[in-house]
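Asks: So that we are looking at the same thing, I have put the structure below in structure tokens.
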Amino acid sequence: MRATSQAFLENAERALGDVQLQRALENVPRGFVTKRAAARARLPEFDALRDEARAIKDHVLANLDLYLEEYERKVVEAGGHVHWAASSAEARAIIVDILNAAGARRVTKGKSMVSEEMALNEALVPQGFEVTETDLGEYLIQLRGETPSHIIAPAVHLNKEQVATDFRRHHRALPAGRPLHEPSALVAEARQVLREKFLAADAGITGANFLVAETGSAVIVTNEGNGDLTQTLARVHIVVASLEKIVPTLEDTTTILRLLARSATGQECATYTTFSCGPRRPGDVDGPEEYHVVLLDNGRSELLASDFRPILRCIRCGACMNHCPVYQAVGGHAYGWVYPGPVGAVLTPALIGIAEAAPLPEASTFCGRCEEVCPMQIPLPGLLRKWRMRAHEAQAPGTTPWQGRLALRAWGWLARHPRLYQLAARLGVGIARGFWARYGRLVGAPFTSAWTRYRDLPAPEGGTFQARWRRHQRHRQLSSAQWRHKGPGQ
Amino acid sequence: MRPQRPETAASARTAGSAGRTANGGQSPHVGLFVTCLVDLMRPSVGFAAVKLLEEAGCRVSVPRTQTCCGQPAYNSGDCAEAARIARQVVEAFEPFDYVVAPSGSCAGMLKRHYPALLAGGAIAPERVAAFAAKVHELTAFLVDVLGVERINARHDGRVTYHDSCSCLRELGIREQPRRLLRSIKGLELVELARPEECCGFGGLFSVKYGAISNAIVARKAADITATGAPLVLAGDLGCLLNIKGKLRREGRAVSVRHIAEVLAGMTDAPAIGEE
Ligand code: SF4
């Protein structure tokens with residue numbers, strides 16, 4: 001997928017002008033934020049669990065090679081195959097080879113952000129594979145040729161009227177006049193269409209929320225059960241996952257699971273939590289004949305050795321974007337690549353390069369809500385700040401334009417020369433006051449247009465504190481009368 | 001540099017008892033970190049802060065070598081410049097018992113970010129840590145350090161309060177301003193529907209991403225208007241200018257003031273952005 005993160009500002013402005021999208025985005029705080037708060041309030045040990053979960057992941061990241069090897073051993077013991085992919089291109093090639101070797105043409109897919117990252121569908125479809133996304137949200141955006149706008153609710157930007165229109169356009173075999181007003185009718189229709197895809201599939205591809213080292217299992221968490229059908233009905237099951245999904249034990253898995261659904265949707269646990277542990281064994285009544293795991297690195301080894309390591313603790317719950325005022329305002333597509341919101345603003349520069357994504361770390365007021373709600377205690381604002389430093393060092397395009405940079409330099413220099421600074425401050429305030437007296441507003445004053453396009457710029461009160469304070473001090477010293485707690489005015 | 005006073009030494013009392021001291025005879029000497037926005041845009045907030053601190057028994061000085069905390073550079077990724085400014089601030093304020101700022105954002109910068117920013121620089125980490133430990137936001141300083149429980153002031157009418165993100169999440173300040181406001185005679189505090197939410201200011205964010213900042217502050221303005229209060233207060237001038245700018249553009253008749261102005265009973269002067 002071609003990244004448009006460089007055009008974040010234009011993307012965002014378009015999103016802000018999209019009335020339908022804005023209406024859909026209102027559901028984000030209404031749904032996710034309130035439900036998470038309630039779920040958290042119901043679990044007194046929530047914060048203790050966060051400490052535990054963080055410690056588990058930090059331990060894994062410090063010993064990732066060992067756990068990956070253990071995991072691989074277990075998968076192989078169970079009769080599965082593990083494939084190591086350094087890049088997205090390698091991962092795509094591996095998957096194409098597996099499918100071709102198995103003679104698989106019809107592929108169902110469970111929801112997987114890693115498969116989005118590796119642009120898997122874009123590789124499979126042109127080669128003649130029939131790929132069907134089976135998560136309802138993913139299915140909807142597949143019909144529309146879109147990408148997810150949220151990591152757990154990929155179609156959160158759509159409303160039900162759009163879905164009905166798309167269904168009528170694509171499900172030609174169904175009666176044209178069927179009623180599709182109710183969400184339940186839409187779900188029923190999707191289920192009916194997808195059922196046939198499940199039954200006909202040669203191969204099923206799923207992501208993984210966790211890879212458990214001690215058992216070699218891949219864990220998926222869904223609310224629709226589509227992942228289970230994807231991975232058990234087809235002959236071939238392929239798990240795609242990035243390296244950092246490893247957790248040591250089942251016990252650790254349950255610890256983190258208790259945080260995942262609560263942070264994501266406010267559920268105590270998701271409807272389905274499914275462990276896949278290899279191919280069908282002799283005597284099993286179902287399960288795939290072939291079981292493959294494709295482990296994607298795609299820059300993560302480098303991240304592991306960098307200041308950005310904490311982002312690898314992420315469990316993709318989406319809480320950071322749900323609570324982000326910027327995400328809430330512009331939605332996920334504005335971020336221009338696979339991962340939106342604060343986690344995306346940290347990950348995207350790491351995975352596609354800061355030069356391609358420099359506007360994203362700037363897309364934050366540093367309000368800190370993401371860090372506050374992140375179940376894995378990832379210091380997201382701190383990591384965004386680190387990217388801003390890198391971008392500044394690299395003079396990456398798309399951050400501060402040269403005029404801004406010059407102004408910042410001049411200001412920085414002044415700030416280190418207090419006398420001149422105070423002189424300049426008095427002058428600046430005087431000019432602004434003069435402007436105000438003459439025009440009654442500060443619109444059109446130099447350097448203010450980006451502000452005044454949307455808001456008024458309140459006039460400065462008059463004088464600087466420093467100047468007024470010095471004058472006041474002199475008065476105080478001169479008059480023995482008691483200070484009446486008033487600034488001496490102008 | 002003076003030894004640092006244990007913060008628990010302050011005895012509980014009411015503001016207005018000027019003359020009584022926190023450490024047995026010697027008034028704590030506070031260096032007021034004015035903040036660049038107060039200096040430029042709203043000097044009365046500085047005077048209000050001085051009044052509050054003096055009435056609570058402090059001696060207040062305003063070092064002349066202060067300019068800004070360095071956030072514009074720091075948040076733009078220019079750590080070298082930010083560190084130079086930070087060093088200047090530490091050196092200017094080291095002699096005081098406490099450093100108090102009428103801003104969560106600047107206090108947060110000094111307290112939470114300077115230690116990392118200055119690590120490995122010319123000032124020893126212990127010195128920076130000692131400096132950071134004595135930095136406080138104004139309302140938190142009054143309540144937590146000086147033990148102020150009530151404010152002798154009067155303000156008739158409904159008031160709503162906006163928590164700045166840095167107060168709330170960087171410094172964990174939530175109850176302190178509310179406790180002081182509730183003690184004011186005649187004042188009725190009405191909470192916003194979504195008090196945790198950012199106003200969209202974010203320093204340079206507000207001009208770099210003006211359209212997004214505007215969408216965020218529009219929601220804040222709507223929440224404020226919905227309370228029906230004729231006055232909104234906050235502890236950070238950045239938020240206040242942003243909020244006032246939006247309210248005024250939308251033609252809303254809500255006044256905007258820094259919390260220190262109301263606490264100090266200095267509301268005779270026109271509110272922010274009013275003449
Ligand atoms: S960064 Fe934290 S809050 Fe955001 S998706 Fe990852 S785990 Fe969830």
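Asks: For all pairs of alpha-carbon atoms in chain B, what percent lies in each bin of width 5 Å, listed from the first bin to the last filled one?
Replies: Pair shares across the bins are 1, 6, 13, 17, 19, 17, 12, 8, 4, 1, 0.
Asks: Just how large is the dipole of chain A about the Cα centre, in debye to the nearest 20, putting +1 at every Lys and Arg Cβ and -1 at every Asp and Glu Cβ?
Replies: Details: 59 positive and 51 negative charges, 778 e Å.
Once rounded to the nearest 20, the dipole reads 3740 debye.
Asks: Now for a different question. Springs between alpha-carbon atoms under 10 Å, Gaussian network over chain B: tell me which of B:ALA133, B:ALA80, B:ALA260 tops the mean-square fluctuations.
Replies: B:ALA80
Asks: What's the long-distance tail for the range A:141-262, i.e. % of Cα pairs beyond 27 Å?
Replies: That tail contains 31 percent of the Cα-Cα pairs.
Asks: Tell me, what is the per residue accessible area of the protein assembly as shown in Å², probe radius 1.4 Å?
Replies: So the protein assembly as shown comes to 39 Å² accessible per residue, rounded to a whole number.
Asks: Just order B:65-71, A:214-220 by mean Cβ neighbour count inside 10 Å, highest at the front, would you?
Replies: In descending order of packing, they fall as B:65-71, A:214-220.
Asks: Round to the nearest 0.05 the FRET efficiency obtained for A:LYS35 and B:ARG174 when R0 = 22 Å and r is the Cβ-Cβ distance.
Replies: 0.45
Asks: What does the helix-only formula give at 222 nm for chain A: each DSSP H stretch with n ≥ 4 adding -39500 (n - 2.57), the total divided by the residues, and the result rounded to the nearest 500 deg cm²/dmol? Numbers along the way, then the final one.
Replies: Working: 25 runs with 249 residues, N = 490.
The helix contribution divided over chain A gives -15000 deg cm²/dmol.
Asks: Normalising by the residue count of chain A, find the relative contact order in percent from Cα pairs under 8 Å and 6+ residues apart.
Replies: Value for chain A: 20 percent.
Asks: Relative to the Cα centre, what is the charge dipole magnitude of the range B:49-127, using +1 at the beta carbon of each Lys and Arg, -1 at the beta carbon of each Asp and Glu, and rounding to the nearest 20 debye?
Replies: Numbers: 8 positive and 8 negative charges, 10 e Å.
That gives a dipole near 40 debye.
Asks: Using every alpha carbon pair in the range A:320-361, what percent of pairs falls into each 10 Å bin from 0 up to the bin containing the largest distance?
Replies: Result returned by the calculation: 35, 56, 10.
Asks: Another question, if that's okay. Counting only C-alpha contacts under 8 Å and six or more residues apart, can you give the relative contact order of the range B:154-263 as a whole percent? Mind showing how you got there, number by number?
Replies: Values: 168 pairs, mean separation 34.5, N = 110.
That works out to 31 percent.
Asks: To the nearest hundred square angstrom, how large is the accessible surface buried between B and A, total for both chains, probe 1.4 angstrom?
Replies: 6200
Asks: Next up: Below 13 angstrom from the Cβ of A:MET389, what's the summed charge of the other residues (Lys, Arg +1; Asp, Glu -1)?
Replies: -1
Asks: So, R0 is 51 Å and r is the distance between the beta-carbons of A:ARG73 and A:GLU130; what FRET efficiency does that work out to, to 0.05?
Replies: After rounding, the FRET efficiency stands at 0.90.
Asks: At 7 Å along Cα-to-Cβ for each site, give me the label-to-label distance between A:ARG419 and B:ARG154 in nm.
Replies: 4.8
Asks: Right, here's the next one. Amide H to amide H, which residues 5 or more places from B:LEU231 or on other chains are under 5 Å from it, using H placed in the peptide plane?
Replies: B:THR160, B:SER255
Asks: Shielding of B:41-49 by partners, i.e. mean partner chain Cβ atoms within 10 Å per residue?
Replies: Per residue, the number of nearby Cβ atoms from other chains is 6 on average.
Asks: Does the range A:43-298 come out rounded, prolate or oblate, given a ≥ b ≥ c as the square roots of the eigenvalues of its C-alpha gyration tensor, rounded meaning a/c under 1.5 and, failing that, prolate meaning a/b above b/c?
Replies: In terms of gyration-tensor shape, oblate.
Asks: I want to check the label-to-label distance for B:ALA119 and A:ALA450. Put each point 7 Å from Cα in the C-beta direction and report it in nm to one decimal.
Replies: 2.9
Asks: With a Förster radius of 51 Å, plug the Cβ-Cβ distance of A:ALA55 and A:LEU427 into 1/(1 + (r/R0)^6) and report the FRET value to the nearest 0.05.
Replies: Calculated value: 0.40.
Asks: Over the range A:402-486, what relative contact order in percent results from Cα pairs under 8 Å that are six or more residues apart?
Replies: Here the relative contact order equals 22 percent.
Asks: Can I ask one more? How compact is the range B:154-263 by the rule of thumb for globular proteins, expressed as Cα Rg over 2.2 N^0.38 Å?
Replies: The range B:154-263 yields a ratio of 1.01.
Asks: Related question: How many percent of all Cα-Cα pairs in the protein assembly as shown sit more than 33 Å apart?
Replies: Roughly 55 percent, rounded to a whole number.
Asks: Here's another thing I want to ask about it. Run through the range A:129-178 and list the trypsin sites (Lys or Arg not before Pro) located in a DSSP loop whose Cβ has at most 13 other Cβ atoms within 10 Å. Don't jump to the answer; show the numbers that get you there.
Replies: Values: sites: A:ARG144, A:LYS160, A:ARG168, A:ARG169, A:ARG172; in loops: A:ARG172.
Qualifying residues, ordered by number: A:ARG172.
Asks: Take every DSSP beta bridge whose two residues both sit in the protein assembly as shown, then give the antiparallel share in percent to the nearest 5. Mind dumping the intermediate values first?
Replies: Values: 9 of 56 bridges.
Within the protein assembly as shown, antiparallel bridges account for around 15 percent of the total.
Asks: What would the Debye formula give as log10 I(q)/I(0) at q = 0.16, 0.18 Å⁻¹ for the alpha-carbon point model of the range A:402-486, no solvent?
Replies: Once normalised to I(0) and log-transformed, intensities are -0.81, -0.94.
Asks: List the residues of the range A:66-96 whose backbone N lies under 14 Å from a point placed 7 Å from the Cα of A:ARG281 along the Cα-to-Cβ direction.
Replies: In the range A:66-96, the label zone of A:ARG281 (backbone N under 14 Å from the point 7 Å along Cα→Cβ) covers A:74-80.
Asks: Which net charge results when you count Lys and Arg as +1 and Asp and Glu as -1 among the other residues whose beta-carbon is under 12 Å from that of A:TYR339?
Replies: -1
Asks: When DSSP beta bridges are limited to those with both residues in the range A:43-298, what percentage is antiparallel, rounded to the nearest 5?
Replies: Values: 8 of 33 bridges.
Of the beta bridges lying entirely in the range A:43-298, close to 25 percent run antiparallel.
Asks: Moving to a separate point now. Beta carbons within 10 angstrom, averaged per residue: use that to sort the peptides A:468-475, B:51-58, highest first. Display every interim value, and only then the final one.
Replies: Details: A:468-475: 16.4, B:51-58: 24.6.
Taking the mean over residues of other Cβ atoms within 10 Å, the ranking is B:51-58, A:468-475.
Asks: On to the next question. Suppose only helical runs count, i.e. DSSP H with n ≥ 4. What mean residue ellipticity at 222 nm does that imply for chain B under -39500 (n - 2.57) per run, divided by all residues and rounded to the nearest 500 deg cm²/dmol?
Replies: Helix contribution divided over all residues of chain B: -10500 deg cm²/dmol.
The values are calculated or read from the model by the stated rules, or taken from the named source; none is laboratory data. In this text the structure is predicted, and so the values were computed from the model without any measurement. Every residue, glycine among them, receives a Cβ derived from its backbone with ideal geometry; neighbour counts consider all protein chains shown. Only protein heavy atoms, including side chains, enter the accessible area calculation; ligands, DNA and RNA are left aside. Shrake-Rupley method; radii C 1.70, N 1.55, O 1.52, S 1.80 Å.
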